[in-house]
Amino acid sequence: MKRLGVNVDHVATLRQARMSSYPSVVRAALLSESAGCQGITVHLREDRRHIQNKDLYSLKNVVSTKLNLEMAMVQEIREIALDVLPDQVTFVPEKRQELTTERGLDLKELKAFEDFLDPFFEKNIEISLFIDPEKEQIDFASKMKVSRIELHTGFFAEAIDPEIKKQELEKLYFASKYGNSLGLKVDAGHGLNYQNIKDVVNIPDIEDFNIGHSIISYAVFVGLEQAVKEMLSLLGESQ
Ligand code: PXP
C-alpha cells in the first residue's frame, strides 16, 4: 500500500482568513493520524500566508507519524527548521505572487547551494527535493546525495487534453523508475484528488503521496477523518 502524507496548510489558510484561533492545525494533524495517514506535511512560507512558526513547534510536539516540512532554500526558514528538527524537509521553489507552488526546483541553478543542505545532513533530517519529472533534474538530485525526491504532479493533474495527460502520466512512470534506479526514494504530490489519484496510484516506484487541498476541501462536507480514510482506501487500491 502507498503512504499518505496529509498537507494541512489549508486548515491554517481558513484560520488566517479571519486571523482567528480556529480551526486548529494540531487537531487536523491528530485527526488525520487517527484516520491512518502516515505523515503530516506543512509548508512554512516566507510570507506566512497559512502556517505560522508556532504551528510548526506545536506540530513537532504532537505528530507521531512523520513531520515533513516544505520550505524554500532561504536562511530564515532554515534557522527555524534546524530549531524545530522535523523528520523530513522538502525543498520547494517559492514565489511571493503564486497561489501555490507552481513547479519543481531547477537543481541546475541550485548546484551552488549544496552547502545549504549540510546542517540537515548533520542532524540526520531526511531531505527531499521537489522537482519536475525530468531526467536531468533527477540526475542532479542524485548527485546532491539526498535520499528522496518528490515529483511534481501538477502538470499531470492540470492537463485537460487526454493526450497531454497521458504524456504527463508517462513522465511520472519514467521519472519514478529512473529515480529508484539511482537509489532515490520517490514521492509525488500536487493537485492530486479523489479522481486523478486512480491514475497515479499504480505507479510502482512511488512511495508517498503528499495531498492537501482536495482532502481539506472534501473534509468540509464529510469531516477530516472520513476524507483521509477515503483517500487511504483509494491508495490501498494499488495493484
Ligand atoms: N507537495 C508539495 C511539494 C507542495 O508544495 C504541495 C502544495 O503545498 C503539495 C504536495 C500538496 O498539493 P495539493 O494541496 O495540491 O494537494
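The values are calculated or read from the model by the stated rules, or taken from the named source; none is laboratory data. No experiment lies behind these values; they were computed from the predicted model shown. When we count neighbours, we look across all protein chains shown, and the Cβ atoms used for this are built from the backbone with ideal geometry, even at glycine. Ligands, DNA and RNA are stripped out before the accessible areas are found, and what is left, the full protein with its side chains, is counted by its heavy atoms. Shrake-Rupley method; radii C 1.70, N 1.55, O 1.52, S 1.80 Å.
Do you know which of the residues in the stretch 183-194 that are open to solvent by 20 Å² or more (accessible area, probe 1.4 Å) and within 13 Å of the ligand (Cβ to nearest atom) is farthest from the chain's Cα centre (by Cα)? My answer is Y194. Is it the case, given these coordinates, that R103 is buried (at least 16 other Cβ atoms within 10 Å of the Cβ), touching a His at 6+ places or on another chain (Cβ under 7 Å) and not in a helix (DSSP H, G or I)? Yes. Filtered by the rule that a residue be surrounded by fewer than 17 Cβ atoms within 10 Å (Cβ to Cβ) and in contact (Cβ under 8 Å) with a residue 40 or more places away in the chain, the stretch 159-179 gives a lone residue, F174.
When the residues of the stretch 197-239 are narrowed to those that are among the small types (G, A, S) and away from the ligand (no atom under 14 Å from the Cβ), which ends up nearest to A12 (Cα to Cα)? If you could, list the steps in order and put the result at the bottom.
Kept after step one, since they are among the small types (G, A, S), are these residues of the stretch 197-239: 212, 214, 217, 219, 223, 227, 233, 236, 238.
Keeping just the survivors that are away from the ligand (no atom under 14 Å from the Cβ) gives 223, 233, 236, 238.
Working: G223: 16, S233: 25, G236: 28, S238: 31 Å.
The extreme case among them is G223.
Going through (1) at pLDDT below 95; (2) in a loop (DSSP other than H, G, I, E, B) one by one, P86 falls short only on (1). For beta carbons closer than 9 Å, sequence separation of 6+ or different chains, a first residue in the stretch 35-62 that is closer than 23 Å to E230 by Cβ and a second that is more than 15 Å from the ligand (Cβ to nearest atom) and part of a strand (DSSP E or B), there are no qualifying pairs.
Among the residues of the stretch 58-75, the one identified as out of contact with any helix residue (DSSP H, G or I) (no Cβ under 6 Å at 6 or more places or on another chain), part of a helix (DSSP H, G or I) and farther than 19 Å from E46 by Cβ is N61.
Exactly one of these conditions fails for E109: (1) loosely packed, with under 12 Cβ neighbours inside 10 Å; (2) part of a loop (DSSP other than H, G, I, E, B). Give me its number. Status for E109: all satisfied but (2).
Could you identify the single residue in F116, F156, F130, F120 that is among the hydrophobic types (A, V, I, L, M, F, W, C), open to solvent by less than 50 Å² (accessible area, probe 1.4 Å) and modelled with pLDDT under 95? None of the others qualify; the one that does is F116. Suppose we keep only residues that are open to solvent by less than 40 Å² (accessible area, probe 1.4 Å) and without any contact (Cβ under 8 Å) to a residue 40 or more places away in the chain within the stretch 141-153. Which one would you say is farthest from the ligand (Cβ to nearest atom)? In this case the residue turns out to be M144.
The residue list S64, S20, S34 contains one member that is open to solvent by 30 Å² or more (accessible area, probe 1.4 Å) and farther than 22 Å from S233 by Cβ, which is S20. L99: modelled with pLDDT of 95 or more, hydrophobic (A, V, I, L, M, F, W, C) and under 18 Å from G212 (Cα atoms), yes or no? Considered against the rule, which asks whether it is modelled with pLDDT of 95 or more, hydrophobic (A, V, I, L, M, F, W, C) and under 18 Å from G212 (Cα atoms), L99 comes out as no.
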